[in-house]
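The values are calculated or read from the model by the stated rules, or taken from the named source; none is laboratory data. As the structure is a computational prediction, the values presented were derived from the model and not from experiment. Because the Cβ atoms are built from the backbone with ideal geometry, glycine has one as well, and the counts that use them run over all protein chains shown. For accessibility, only protein heavy atoms count, side chains too; no ligands or nucleic acids. Shrake-Rupley method; radii C 1.70, N 1.55, O 1.52, S 1.80 Å.
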Amino acid sequence: MSGHDNTEAKSRGIEDILTGYQGRPGALIPVLQETQEVFGYLSRENMEKIAGALHIPFSKVYGVATFYAQFHLKPRGRNIIRVCLGTACHVRGGEKILDAVSKELNIKPGETTKDLQFTLERVACLGACGLAPTLMVNNETHGRMKPENVPALIQNYRGRDREETAVH
Amino acid sequence: MSQTITITINGQKITTHQGASVLEAAEENGINIPRLCYHPMLESTGACRLCVVEVEKARTLQPSCTTPVTEGMVVHTESPRVMDARKTVIDLLLANHPEDCLTCEKNGDCELQNYAYQYGIKHTSYKGERKDYPILDDNPFYQMDPEKCILCGRCVRMCDEVVNHHVWDYAHRGFVTKVTTAYDMPVEEGNCIFCGNCVQVCPTGALLPKYGMGKARSWEITKIRTVCPYCGVGCNIYLHVKNNEVIKVSGAEGGPNDTLLCVKGRFGFDFINHKDRLKTPLIKGEDGQFHTASWDEALDLVARRFAEIKEKHGPNAFGGLSSARCTNEENYLMQKLMRAVLGTNNVDHCARLCHASSVVGLNISLGSAAMTNSIADLVEADVIFIIGSNTTEAHPVIGMWVNRPLRKGARLIVADPRKTEFAERAHVYLQQLPGTDVALLNTMAHVIIKEGWYKKEFVEKRTEGFAELAKFLEPYTPEYAERVTGIAKDEIIEAARIYAEAKNATILYAMGITQHTTGVDNVQAIANLALLTGNIGREGTGVNPLRGQNNVQGSSDMCALPNLLPGYMPVTDPGMRGTFEKAWRVSLPAKPGLTVVEMIHAAEKGEIKAMYVVGENPMVSDPDIQHVEEGLKNLEFLVVQDIFLSETARLADVVLPAVSFAEKTGTFTNTERRIQLLRRAVEPIGQAKADWWIIQELARRMGYAMDYSSPEDIMTEIASLVPIYGGVTYERLGIQGLQWPIPDKTHPGTRILHRDRFTRGLGLLAKVPFKEPDEGPDEEFPLILTTGRILYHYHTGTMTRRSKGLHAIRPEGYMEIHPDTAGRYGVKDGQWVKVTSKRGQIRIKAQVTAKMHPRAVFIPFHFVEAAANMLTNPALDPQAKIPEYKVAAVRVEPEP
Ligand code: SF4
Ligand code: SF4
Ligand code: SF4
Ligand code: FES
Ligand code: FES
C-alpha cells in the first residue's frame, strides 16, 4: 500500500469498514486486521463497534484481539524500533543498544512515546546476524550498532512516518 | 431412533447410543472418569486432558469427553499410562496454583483438591511461576480470583451457551492467559445478570459467592432440597445451613431448572434472617402503637372480634386475602376458613392481579387453566412466539431454557411495547401500542385463514366455531391492524406466516397479555392462533401462560377464589357444593364472593367490616393505592399475617408473624403444573408460626374443629376432594414432583395437556372483538403508562429489598422513556420527573432508552416510595376482574 492510499484509508471510519460485514461473526479476524491497518491499532471503542456489528460478544472480540500477536490494543508510534536480542546480537551487546534506545526515548520496550513518534519493541533475530548487533526501524535494518550512535539514528527518523520508509 | 453401539471398558461390555462420548458411556455404567473441563450441560472442549483414557489401537491417549464411541472400541480408564498422564495434568495445574487450600472457601468441595488427593499429589514437582492477578471483586454477589482459575472454561461456556450473556472469555495467550471480561471491566458492564450459574459450575475456588464467606467449612453444612420462594418457574434449590442459618443457596439437579438459577433464587435469601422479621404477634393498642402479645392473646382477640362481627353484620362482612406465596395446603385451609367457618365466599388472592384472565380465558377456550406444556419440552419448538412477557427478567430460568431451541436454529417472534432482551434477538419484533393485542392477534388469525395456512384437519376434528370465526375476522385486515397497533402490516403477515408454518410452535405469554380490561379476550385470541394451526397437544407447542408468583398456580388450583371451590368447582353448582359440604360438615354459601379490588371498594363503602390478609401487600401491589388505603382504614378490624411488617400490616389491628419458606413444609405448584415439595430447613425465627397452624388455631377458637397434624395431613384431604390432585402423596412427589392432572395414585402425572382431546372436548375458536383500553391518552395525560417487574426485585419488594445484594444493585425505581418522547417533554437521562395520572402523582428518576415505545413510559412496580400503583387504573376486565395495570394515561413533567 502506498502512502497516498493510506491517507485515503485513514479518512474511512470504522463504520465504512463494517458495512458488508453486519451480522457475520465469521468475519472477525479480517475486520480486526482491516481496522488495525486503518487506525494503526485496535481501540476499545472500535472493538465495541465491531462486536455490535458482527453480533459477537465483546469479551470474545477482546479475547481474539489479545490472543494474536499481530493485534495491538494500544496506539503505536509512527516509527517502530525493533531491537534484536537474538543469540548473535545478545552476545555482541544487544542489551546495551536496547538500553540506549530506551534511555533516548524514555520508554520501556513495548511502550510508545507520548508524542506517538516511536514504539520500542524487542525481537529475537532479524536474520542479519552477520551485522550484529542490529536493530530495525520500520522496514530498514541497521547493523553494527553502537550505543553512542543511537541518538543520531533516532533523530533521523523524527517527523517521518513508517509508511515513508516501508519497503514494498 | 439412534443406533446402539457396543464397546468394552475395562473388560466390561457396554451398550450405549451413537453420539455418546466415551466419558458419558462410562458414566452411564457406573465407571467414573475424572474430569475438570467437562460438564454435562455444556459442549465438550477437551481442554484439560484429565479425562484421558487408553483406547486400544490409538497411538496417543484420548480425552474421553470429546471422543465419540465407535463400534467395538476397547477402552482402559485406569491403566498405568493413563494414571501417569493424569498425575502430570494435576501436577501441572498445581504448579501455578496458590497453595492456600487451608483457608480457601472451597476447601473440601474443590474438584482440583479432590483429584490431587485421589491421585496422591502432595506437592507439585514443578516450580511454576505464579500469576500475579488481582481478585475481581466488583459486585455484591460473587468474586473471581484468576490465580485459582484452571482455565477449564466451564464458566465461559455456561455464560455463553446457557445464559447467553457471554460475560467471560479467554484473553491473552500462553502463560498469562486468563478468563476475564473485555478489558477486565466490571462484570455488570460486561453484561452480567448475576445468575451465578458460572459460579456454580466452577470446579475450584476461582469463582465464589460472597454471601456466607468465612462462615462455614463445607463439611459443617447440611444441604436441604426445597423450592425457590420467588417466581413461578419453581426452581429447585439447596439451602446450605449451618447453626440454623442459611448461608448459601445452590441450584439442585433435575426439576424445572436442573441446577440453573437466577439472581433472586441464588443470592436473594438474606431476608430469611433479616432483623426486621416479625417475631411475636402484635396488637395495636388504644395509643395506635403495636404491642407485643402472646399467641393466645392475639388468637383469642381475633377469634372474639371475628365472632362479634359475624354476629352483628353477617358472614359477608368479611373479606379474606390469601397468598400465592403460601403453600397449597395453606391456601386450601384459608379458603376453607373463609367458607366453612366465617361463611363467606369473599376470598381471593393475587392471582386476580396477574393471571385471572388466563384462568377464565383458558378455561373457556380449552378447559384447563394452566400452561398446556412443560418447560422441558420448549427445546422441541422450532418457532417461539413471546407476547407480553419479558421472560429473561420475570422468569429468568425459562428465559435460559429458551436459549436452547434458539441455539438449535428455532425462530423467535416477540410482541412487546418494550424492546426486551428477546425482542433484540427476535427474527420478527412487533412493537405494538399497549392495549392493542387483540387487534394484532386477530389479524394474525385473519391472515392465517385468508392465506390458507391453518391446519384444516386439526380444525375440523378438534375445534368448533371455525366458520363463525372466519367470518368474524373479515374486518381484521393487516391494514386495519397497522392503523390500530402501529406495526407495519408486512411484519404482522410475516409473523403470522412464521408461526403458522412451524412444525412445532409454542406461545409464551405473561402479564403483558393478562393485565388489561381485555385480559380474557387477549388470552382467547392467543388460544385461537394455537387452535387454528394445530400447535397444541404436542411437545414444543402450546399456549403457555408464565405464572408470576412461586405458587400462584397452586393457590388458583386450591381456589382461594370467590367463585370457585377447590379444583375449579363453581360455588353456584349445588352438586359440587354438596361434595364439599359433606366433607366439611357445614353448609356453604352459594353466592360468589368479591374479588380483591371489589373487596377494597366494599370496605370503602363500609360493606366489609373485617379483613384477614395473609401474606399479601395490597398497599403496594394493588392499583390505585390511595383508595386501597382509604378502604383498609375504614375497616373495623384488620388482621394481617406476614413475615415482615409490610405497608399493609402497619394498618392492621392485629399482626400475626408467619414463617418464611425456609422454615416450613408443604407444596408449591409451579407454572408448568408441577407440584413440588418444600422442605423445612431452619427452625422458625422467634415465635413465628406456619400459616396453616395459625389458620387452624383460629378455626378452632371459633368453634370449628380442624385437626391436621401436618401439612401432609392437609394434602391427604386435598387429594380426596380435588380430582386433578387425586394421586398426590408426599411420598410420590419425591424429588421431581408431579404435574397435574394426577387422577389417581398410580398416575404418573401429565406433561402435556390436551393431547388427544381438550379438557372441554373440542377447542373453542372464540370471537373476541378488539376493544380500546379503559383509559386512552388525551391532552392532559398524553402518554401511556405500562408497569412491570425487573430482574432484581420481586413484587412489593418485602423480601428482595431486604436482600443486601439485590438492593445494592437496584436500590430505586425509575421510569423508562423513549429519547424522542424525552426530548419532547424536556426530560434528560437521570433527571427527576413528576408522573401524574387521574389518580395520583409520584416522583421518579427518568431513564432515557430507545427500548421504550415512543408513546408509552414504563415503571417497575416494586418500589413503594415511587409506587407505580399510585397511578394505575383499577378498571377491571368484566369477567376476570383483573385490573388494567398495563395501560393508564399519564403526564410526565421534568422537575427543575
Ligand atoms: S453470573 Fe450469570 S450472567 Fe454473570 S457471568 Fe456468571 S453466568 Fe454469566
Ligand atoms: S473461573 Fe472456574 S470455571 Fe471459569 S475457567 Fe476458571 S476454573 Fe474454570
Ligand atoms: S427463575 Fe424464578 S424460581 Fe428460578 S431462581 Fe429465579 S426467581 Fe427463583
Ligand atoms: S541475532 Fe540479531 S539478527 Fe540474528
Ligand atoms: S474433562 Fe475431558 S478434557 Fe477436560
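Assess whether B:Ile90 counts as being open to solvent by less than 30 Å² (accessible area, probe 1.4 Å), of a type in the set (A, V, I, L, M) and part of a loop (DSSP other than H, G, I, E, B). In short, no.
Scanning the stretch A:81-119 for residues that are away from ligand 4 (no atom under 16 Å from the Cβ) and in a strand (DSSP E or B) gives A:Thr112, A:Phe118, A:Thr119. Scanning the stretch B:1-37 for residues that are of a type in the set (Ser, Thr, Tyr) and without any contact (Cβ under 8 Å) to a residue 60 or more places away in the chain, we see that the one that is nearest to ligand 5 (Cβ to nearest atom) is B:Ser21. Every test in (1) within 16 Å of ligand 1 (Cβ to nearest atom); (2) open to solvent by less than 10 Å² (accessible area, probe 1.4 Å); (3) not aromatic (Phe, Trp, Tyr) is passed by B:Thr226 save one, and that test is (1). Just one of the numbered conditions (1) more than 15 Å from ligand 2 (Cβ to nearest atom); (2) within 30 Å of A:Ser43 (Cα to Cα); (3) at pLDDT 90 or above; (4) of a type outside the set (Val, Ile, Thr) is not true of B:Tyr170; which one? That leaves (1) as the condition not met. Has the stretch B:353-369 got any residue that is in contact with a Pro (Cβ under 9 Å, 6 or more places away or on another chain), more than 25 Å from B:Ile752 (Cα to Cα) and buried (at least 24 other Cβ atoms within 10 Å of the Cβ)? Yes; the residues of the stretch B:353-369 include at least one that is in contact with a Pro (Cβ under 9 Å, 6 or more places away or on another chain), more than 25 Å from B:Ile752 (Cα to Cα) and buried (at least 24 other Cβ atoms within 10 Å of the Cβ). The residues of the stretch B:519-557 that are open to solvent by less than 10 Å² (accessible area, probe 1.4 Å), over 17 Å from B:Leu765 (Cβ atoms) and not in a helix (DSSP H, G or I), listed by number, are B:Gly540, B:Asn544, B:Pro545, B:Leu546, B:Arg547, B:Gly548, B:Asn550, B:Asn551. The set of residues in the stretch B:701-724 that are crowded, with 17+ Cβ neighbours inside 10 Å, of a type in the set (Asp, Glu) and modelled with pLDDT under 95 is empty.
Within the stretch B:202-258, being more than 22 Å from the chain's Cα centre (by Cα) and either within 29 Å of B:Gln739 (Cα to Cα) or of a type in the set (Val, Ile, Thr) (or both) holds for B:Thr204, B:Ile221, B:Thr222, B:Lys223, B:Val241, B:Ile247. When B:Pro63, B:Pro40 are screened for being away from chain A (no Cβ under 14 Å) and near ligand 5 (Cβ under 10 Å from one of its atoms), only B:Pro63 passes.
Of all residues in the stretch B:479-490, those that are in contact (Cβ under 8 Å) with a residue 24 or more places away in the chain have Cβ atoms under 6 Å from Cβ atoms of residues that are among the polar types (S, T, N, Q), 6 or more apart or on another chain, in B:Ala481/B:Thr443; B:Val484/B:Thr436; B:Thr485/B:Gln432; B:Thr485/B:Thr436; B:Ile487/B:Gln432. Restricting B:Ala25, B:Ala47 to those that are within 16 Å of ligand 2 (Cβ to nearest atom) and of a type in the set (Gly, Ala, Ser) reduces the list to B:Ala47.
Selection within the stretch B:206-225: residues that are closer than 23 Å to B:Leu806 by Cα and part of a loop (DSSP other than H, G, I, E, B). The member of this set that is nearest to ligand 3 (Cβ to nearest atom) is B:Tyr211. For A:Ile29, the conditions (1) touching a residue at least 12 places away in the same chain (Cβ under 8 Å); (2) part of a helix (DSSP H, G or I); (3) away from chain B (no Cβ under 14 Å); (4) more than 18 Å from the chain's Cα centre (by Cα) are fulfilled apart from (4).
The set of residues from the stretch B:24-71 being on the phi > 0 side of the Ramachandran plot and open to solvent by 50 Å² or more (accessible area, probe 1.4 Å) comprises B:Gly30, B:Arg49, B:Lys57.
May I ask you to list the residues in the stretch B:601-655 that are of a type in the set (A, V, I, L, M, F, W, C) and in a helix (DSSP H, G or I)? Steps first, answer last, please.
Filtering the stretch B:601-655 down to residues of a type in the set (A, V, I, L, M, F, W, C) leaves B:602-603, B:608, B:610-611, B:613-614, B:619-620, B:625, B:628, B:632, B:635, B:637-640, B:643-645, B:649, B:651-652, B:654-655.
Across the stretch B:601-655, the qualifying residues are B:Ala602, B:Ala603, B:Met619, B:Val620, B:Ile625, B:Val628, B:Leu632, B:Ala649, B:Leu651.
State which residue is farthest from the other protein chains (Cβ to nearest Cβ) when the search covers only the stretch A:47-66 and only residues that are of a type outside the set (D, E, K, R) and more than 18 Å from B:His172 (Cα to Cα). The qualifying residue farthest from the other protein chains (Cβ to nearest Cβ) is A:Ala53. For the stretch B:170-217, how many residues are open to solvent by 10 Å² or more (accessible area, probe 1.4 Å), more than 14 Å from every other protein chain (Cβ to nearest Cβ) and polar (S, T, N, Q)? Total satisfying the criteria: 1.
Determine whether B:Ile735 is in contact with a Leu (Cβ under 7 Å, 6 or more places away or on another chain) and either touching a residue at least 24 places away in the same chain (Cβ under 8 Å) or closer than 30 Å to B:Val438 by Cβ (or both). No, not satisfied. Applying the condition of being among the acidic types (Asp, Glu) and more than 28 Å from the chain's Cα centre (by Cα) to the stretch B:140-169 and asking which residue is nearest to the other protein chains (Cβ to nearest Cβ) yields B:Asp169. For the stretch B:242-254, residues that are in contact (Cβ under 8 Å) with a residue 40 or more places away in the chain, away from ligand 2 (no atom under 16 Å from the Cβ) and farther than 21 Å from B:Thr667 by Cβ total 2.
Yes or no, residue by residue, for (1) farther than 17 Å from B:Ala875 by Cα; (2) free of Cβ contacts under 8 Å to residues at least 24 places away in the same chain; (3) surrounded by fewer than 20 Cβ atoms within 10 Å (Cβ to Cβ):
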{"site": "B:Gly575", "(1), (2), (3)": "yes, yes, yes"}
{"site": "B:Thr579", "(1), (2), (3)": "yes, no, yes"}
{"site": "B:Lys582", "(1), (2), (3)": "yes, yes, yes"}
{"site": "B:Arg585", "(1), (2), (3)": "yes, yes, yes"}
{"site": "B:Pro592", "(1), (2), (3)": "yes, no, yes"}
{"site": "B:Val596", "(1), (2), (3)": "no, no, no"}
{"site": "B:Met599", "(1), (2), (3)": "no, no, no"}
{"site": "B:Glu604", "(1), (2), (3)": "no, no, yes"}
{"site": "B:Ile608", "(1), (2), (3)": "yes, no, no"}
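In the stretch B:396-489, counting only helices (runs of 4 or more DSSP H) that sit wholly within it, the ones holding 1 or more residues that are touching a Pro at 6+ places or on another chain (Cβ under 9 Å) span B:396-407, B:437-450, B:466-472.
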